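Down below is the structure, laid out as structure tokens.
The values are calculated or read from the model by the stated rules, or taken from the named source; none is laboratory data. Fair warning: this is a prediction, and the values are worked out from it, not measured in the lab. Cβ atoms come from the backbone with ideal geometry, glycine included; neighbour counts cover every protein chain shown.
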Ligand SMILES: Cc1cc2nc3c(=O)[nH]c(=O)nc-3n(C[C@H](O)[C@H](O)[C@H](O)COP(=O)(O)OP(=O)(O)OC[C@H]3O[C@@H](n4cnc5c(N)ncnc54)[C@H](O)[C@@H]3O)c2cc1C
């Protein structure tokens, strides 16, 4: 199937994107790497009348140290993050998680901003951001808003972004040490049936609800995951317990 007809605008500044979002409302969608949006349009699950291409906006494709944080621009591609030395050194949880995100061809196009704004509950990166206590930067005509990852993912494919806001970067505290990442998927590169990204005592599960689910080590899991073609809810609860136990074993006395 092919996507329905749409208008295409190539934006050159963040301000232009926000103005276009405000002008067209829900009919407009930002186009970043296109790896989630274009398949959804081809399947007619999304039919925006205007696509705002942000791929040529400069200044959003850098990974840089900002004091005790690492800032990753919204247009940084998955594969760039995966190969980045600063990320590997200071936020190794993210490097490990990205090995599990899709396949090389998709990682070559998909962007960090697109992945987080898409807010797929089965995606690795939103859970990592919650575990890492990352902060999202959202720009609009009102300025830049900082949103803690814990409050950014608000439901199934839903975020706290206002209709005229664009995600421009994510700030991640430097962590190093006590982290754990594992997911259970049918095949390498598939979305996880259940996954866990942990930093110290912060356990962020994915694919067990409509958004990342944060639990503290030692706290009851009390999960209410969905039943779908991949697994029953009971199977997911079981697998989440297995991952939790593996994390606690791996992190040992370090949490
Ligand atoms: C076969 C396949 C397998 C995949 N497997 C995985 C996987 O295992 N794990 C995983 O995490 N992902 C997976 N993905 C998705 C992939 O990671 C996408 O790249 C990512 O989810 C979306 O990034 P994008 O840059 O392509 O965004 P796009 O597809 O361009 O956009 C996605 C959504 O985000 C919005 N958006 C984009 N950028 C911004 C922004 N800066 N501000 C506000 N809104 C924005 C768009 O309007 C759209 O609604 C897979 C994709 C495919 C096709």
Note to self: Condition (residue is away from the ligand (no atom under 12 Å from the Cβ) and either over 28 Å from residue 226 (Cβ atoms) or over 13 Å from the mean Cα position of the chain (by Cα) (or both)) applied to segment 110-130: is it met by at least one residue?
What the structure shows: no
Taking segment 21-33 and keeping only residues that are surrounded by 15 or more Cβ atoms within 10 Å (Cβ to Cβ) and more than 15 Å from residue 168 (Cβ to Cβ), one is left with 22, 24, 28, 29, 31, 33
Taking segment 77-89 and the residues there that are more than 10 Å from the ligand (Cβ to nearest atom) and within 22 Å of residue 103 (Cβ to Cβ), the one that is surrounded by the most Cβ atoms within 10 Å (Cβ to Cβ) would be 81
Over segment 37-68, the set of residues away from the ligand (no atom under 14 Å from the Cβ) and surrounded by 17 or more Cβ atoms within 10 Å (Cβ to Cβ) is 63
Does residue 86 fit the bill of being touching a helix residue (DSSP H, G or I) at 6+ places or on another chain (Cβ under 9 Å) and in contact (Cβ under 8 Å) with a residue 12 or more places away in the chain?
no
Notebook entry, point to check: Just to be sure, is residue 208 assigned by TED's automatic domain parsing to the domain that holds residue 242, crowded, with 19+ Cβ neighbours inside 10 Å and not in a strand (DSSP E or B)?
Noted result: yes
Segment 128-190: strands (runs of 3 or more DSSP E) wholly inside it with 2 or more residues that are under 26 Å from residue 51 (Cα atoms) are 135-140, 143-148, 153-155, 166-173
Criterion first (closer than 18 Å to residue 62 by Cα, touching a strand residue (DSSP E or B) at 6+ places or on another chain (Cβ under 9 Å) and free of Cβ contacts under 8 Å to residues at least 60 places away in the same chain) does residue 162 satisfy it? no
